[in-house]
Amino acid sequence: MIAGQLPLAADLLAACIAVGAGPREAAEEVGRSIGGPVGDRLARTAAEIRLGGEPAEAWGRFGEIPGAGPLARCLHRAGATGAPAAEPVARLAESMRAERAAAAVARAQRAGVLITAPVGLCFLPAFLAVGVAPVIIGLAGDLLATGGPGR
């Protein structure tokens with residue numbers, strides 16, 4: 001759930017910052033609009049900063065969400081220095097989506113490998129019954145009819 005919300009939150013943050021909102025204001029609006037664990041944490045971080053909390057600590061707590069560290073550092077840096085953050089935040093959103101896609105591909109490949117054994121075990125009895133058993137029965141019949149291997 002959290003990993004799925006982070007790229008969306010980063011995209012929305014980048015859009016808010018691109019139109020002139022500061023990182024705190026963007027976090028407040030995005031947090032309120034998306035809800036969920038990421039949205040709640042964003043809104044809490046923005047409220048803490050608005051009420052006079054230390055921005056580094058507030059963004060640091062937001063960065064404790066798995067995968068949110070780079071986003072939190074970027075937002076803190078933008079708030080502290082006034083550096084433009086829309087493009088870096090948008091790049092972070094893109095890299096988060098790429099990481100999720102790579103993880104999904106890896107899971108799909110792993111599932112393909114794991115399904116091979118059960119499917120193979122399902123086909124093994126049929127292969128033995130249709131492919132191997134007739135050959136063995138044929139050879140055994142020939143051996144019995146001739147009286148043994150040497151005759």
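No value in this document is a laboratory result; all are computed from the given coordinates. Being a predicted model, the structure only gives us computed values, none of them experimental. Please note: Cβ atoms are built from the backbone with ideal geometry, for glycine as well, and neighbour counts cover all protein chains shown.
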* Asked: So Gly138 fits all but one of (1) surrounded by 10 or more Cβ atoms within 10 Å (Cβ to Cβ); (2) within 30 Å of Val19 (Cα to Cα); what number is the exception?
  -> (2)
* Structure fact -> Of (1) without any contact (Cβ under 8 Å) to a residue 12 or more places away in the chain; (2) in a helix (DSSP H, G or I); (3) within 15 Å of Gly63 (Cβ to Cβ), Gly53 fails just (2)
* **Exclusive hit being over 20 Å from Glu28 (Cβ atoms) and within 17 Å of the chain's Cα centre (by Cα), set Ala145, Ala126, Ala98** => Ala98
* Qualifying residues in region 1-41 (those that are closer than 16 Å to Pro70 by Cβ and of a type outside the set (A, V, I, L, M, F, W, C)) - the one surrounded by the fewest Cβ atoms within 10 Å (Cβ to Cβ) -> Asp11
* Structure fact -> Matching residues in region 42-93 (of a type in the set (D, E, K, R) and exposed (fewer than 14 other Cβ atoms within 10 Å of the Cβ)) number 5
* **Qualifying helices (runs of 4 or more DSSP H) (wholly inside region 59-151; at least 2 residues being touching a Gly at 6+ places or on another chain (Cβ under 6 Å) and within 30 Å of Asp40 (Cα to Cα))** => 69-81
